[in-house]
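Values in this text are rule-based calculations from the coordinates and carry no lab data. This is a predicted model, so every value here is computed, not measured. Here the Cβ positions follow ideal geometry from the backbone for every residue, glycine too, while neighbour counts run over all protein chains shown.
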Amino acid sequence: KFTDIMAEFRDTHDKKSTRMVYSTTIGILERYDLNATCETINGRWLSDFRTWLSRRGYSTNYRAIQERNIRAAFNYAIDNEYTTNYPFRKWKVEIGNARPRDITPAELRDIYARGTWCSDIFTLQFLLMGINLVDLYHLTKTNVKRGRIQYTRQKTGKWYDVKLCPMAMEILAKYPPSSDHLLGILDQWSFEWFKKKFNAELQSWNMSVHMTSYVTRYSFASIADSLDIPPSTIARCLGHTEMDVKRVTLGYIHHEQKKID
């Protein structure tokens, strides 16, 4: 059964969060078509599956996640010679228009002016090209070399090399490093507690968008685009490949209407 192959593919991943994503898709497939195989899944099956999800109120982007997970499992099946069937040759995964997840430079300045540990860390995320919160948490003094932050992103294993601008260095100076963290203030929390406390504080700010630590990543991309930085360069900042520009990077950018106007 295809769900067995997907479960095998899921178990090749080390990260718990990644396995949970594939487990969700497996659960959906078990409800939709428990006996599906690599040979019975074709274009018509995918179309019916999309309709089935849509009728149950799932968004376009949520449906896209499930289709991409199925596609990844098919690639795994082909690589391991379980099948030669590949229903995604002519199938296009639909991507919806997500609500804006970025804030303006003026809003960023207002956040920085708050002068709290939370606003400082949020600003630092932005200044480090939208660094993921878990990567920021695990930075130590050893990640600072010749005025740059160098680290490997936990989610993707990609290498980042970010220049420290003066404002970023000012923020770091406010929270002297410890042996475990570049930001010594983080010593008092485990990552899960820090993430919970940080996001709760962000959401109390009553901003124009739903605030999470990921807003800095979207804001970095959108503000860079407003300054006419090429998408290929923004992709490199975010750790995306050239092939990711259209499929991934442009999804981070909220294009300013004033350019069109």
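So the label point goes 7 Å from the Cα of LYS16 along Cα→C-beta, right? Which residues of the stretch 173-201 then have their backbone N under 11 Å from it? Under cut-off, by backbone N: 192.
Between THR233 and ASP110, the distance separating the two model label sites (each 7 Å from Cα on the Cα→Cβ line) works out to 2.9 nm. A crude spin-label estimate for the pair ILE185 and GLN203, with each label 7 Å from Cα along the Cβ direction, gives 2.1 nm. Charge tally around SER54: other residues with Cβ under 13 Å, Lys/Arg +1 each, Asp/Glu -1 each, net +1. Measuring between alpha carbons in the structure, the pairs from LYS16/LYS196; LYS15/LYS195; LYS1/LYS92; LYS141/LYS197; LYS15/LYS163 lying more than 20 angstrom apart are LYS1/LYS92; LYS141/LYS197; LYS15/LYS163. For the stretch 37-53, the residues whose backbone nitrogen is under 14 Å from a point 7 Å from the Cα of TYR62, taken along Cα to Cβ, are 50-53. Angle, helix 215-226 long axis vs. longest principal axis of the chain, Cα atoms, 0 to 90°, nearest 10? Roughly 80 degrees between the two axes. For the peptides 123-132, 101-110, residues were scored by their other Cβ atoms within 10 Å and the scores averaged per peptide; the highest-first order is 123-132, 101-110.
Computed over neighbours whose Cβ is under 11 Å from that of LEU127, the net charge equals -1, Lys and Arg +1, Asp and Glu -1. In order along the stretch 131-141, phi translates into HN-Hα couplings of 4, 5, 4, 5, 6, 5, 4, 8, 5, 10, 4 Hz, rounded to whole numbers, per the Karplus curve 6.51 cos²θ - 1.76 cosθ + 1.60 with θ = phi - 60° and x for Gly and Pro.
The HN-Hα couplings worked out from phi for the stretch 69-85 by the Karplus form 6.51 cos²θ - 1.76 cosθ + 1.60 (θ = phi - 60°) are 5, 5, 4, 4, 5, 5, 4, 5, 4, 5, 4, 9, 6, 7, 7, 10, 6 Hz, whole numbers, x standing for Gly and Pro.
Restricting the GluC sites (Glu not before Pro) of the stretch 28-91 to loop positions (DSSP other than H, G, I, E, B) with no more than 12 neighbouring Cβ atoms within 10 Å leaves GLU39, GLU81. Backbone geometry of the stretch 105-116 corresponds, through the Karplus equation with coefficients 6.51, -1.76 and 1.60 at θ = phi - 60°, to 3J(HN,Hα) couplings of x, 4, 5, 4, 5, 5, 5, 4, 5, 4, x, 9 Hz, x marking Gly and Pro. Averaging over all projection directions, the Cα-based convex hull of the stretch 71-146 occupies 9.9 nm² in the image plane. Distance distribution P(r), the chain, all Cα-Cα pairs, bin width 5 angstrom from 0: 1, 5, 11, 14, 15, 15, 12, 11, 8, 5, 3, 1 percent. Express in % the proportion of alpha carbon pairs of the stretch 72-200 at distances exceeding 23 Å. Result: 48 percent of Cα pairs exceed 23 Å.
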